[in-house]
Amino acid sequence: MVRIIIFMTLGWLAQAGSADDQFDLETISELKAGIKLVEDANGTFSETLFAPLMKLALTQLEFGLESEALDTLYRAQNITHRNGGVYSTQQLPIIDLLSDLSLKDKEFAAANRQKRFGFFVATHAYDLESTEAQAAYANLAEWYMQTGQPRRARGIIEDAI
């Protein structure tokens with residue numbers, strides 16, 4: 001559910017696929033070439049690289065190119081840090097994807113670190129009374145419950161209250 005909201009919010013999922021939602025390896029080459037053009041025109045850390053990098057990462061994940069996708073996701077996250085700061089909420093979808101990849105690779109501690117970092121970003125970027133910050137508490141508590149950490153979930157809920 002979180003991914004659906006992230007994709008809908010950022011609006012680039014609809015642009016990521018062709019009319020029949022079929023990607024081929026040429027698409028990855030085309031995306032890389034487009035990223036290179038944007039980079040040449042606007043610089044290595046341009047904000048305009050974020051959306052194409054995310055599109056590339058999603059395509060790489062679709063093809064099972066996880067190590068390449070990780071590199072692309074970390075690059076996109078670096079760009080958000082440089083342009084929006086450590087508390088940039090633009091990196092939240094990246095953090096969710098990194099956490100999912102860590103969980104898939106059975107790197108449970110890394111997945112937890114990513115989720116806690118996402119919580120940290122959200123609670124520092126938004127006023128603690130805001131719906132966004134409260135959603136961050138709820139999401140982290142849900143994560144803890146889904147991953148068999150009920151004590152941590154209870155602690156987060158108590159903190160939220």
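The values are calculated or read from the model by the stated rules, or taken from the named source; none is laboratory data. Nothing here was measured: the structure is a model prediction, and the numbers come from that model. Counting neighbours? That spans all protein chains shown, and the Cβs are built from the backbone with ideal geometry, glycine included. The area values use the complete protein model at the heavy-atom level, side chains included, leaving out ligands, DNA and RNA. Shrake-Rupley method; radii C 1.70, N 1.55, O 1.52, S 1.80 Å.
Contact order normalised by length for the stretch 30-99, with contacts defined as Cα pairs under 8 Å and 6 or more residues apart; what percent is it? Could the numbers behind the result be given before it?
Details: 60 pairs, mean separation 18.7, N = 70.
Value for the stretch 30-99: 27 percent.
Can you give the calculated 222 nm mean residue ellipticity of the chain, where each DSSP H run of n ≥ 4 adds -39,500 (n - 2.57) and the sum is split over every residue, rounded to the nearest 500 deg cm²/dmol? Before the final figure, lay out the partial values.
On the way: 9 runs with 121 residues, N = 161.
Per the formula, -24000 deg cm²/dmol.
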Additional length obtainable on full extension of the chain from F120 to R82, 0.36 nm per residue less Cα span: 11.9 nm
Total charge dipole magnitude, the chain, about the Cα centre, Cβ charges on Lys, Arg, Asp, Glu only, Debye to nearest 20: 600 debye
Net charge of Cβ neighbours under 14 Å - reference F119; Lys, Arg +1; Asp, Glu -1: 0
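On a full-extension model of 0.36 nm per residue, what is the gain between L128 and K32, subtracting their alpha-carbon distance, rounded to one decimal in nm?
Numbers: separation 96, 0.36 × 96 = 34.56 nm, distance 3.90 nm.
Full extension of this stretch gives 30.7 nm more.
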Solvent-accessible heavy-atom area per residue, rounded to whole Å², over the chain at 1.4 Å: 59 Å²
Relative contact order of the stretch 86-161, defined on C-alpha pairs under 8 angstrom at six or more residues apart (%): 23 percent
Three-way shape call for the chain based on the alpha-carbon gyration tensor, with the a/c threshold at 1.5: prolate
Rounded to whole Hz, the Karplus (6.51, -1.76, 1.60) HN-Hα couplings of the stretch 109-123, x for glycine and proline: 5, 5, 4, 4, 4, 4, 5, 5, 5, x, 4, 4, 4, 5, 6
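Within the chain, what whole-number % of the accessible surface is contributed by carbon and sulfur, with the 1.4 Å probe and all protein chains included in the calculation? Could you put the intermediate results ahead of the total?
Values: 5170 of 9470 Å².
That share works out to 55 percent.
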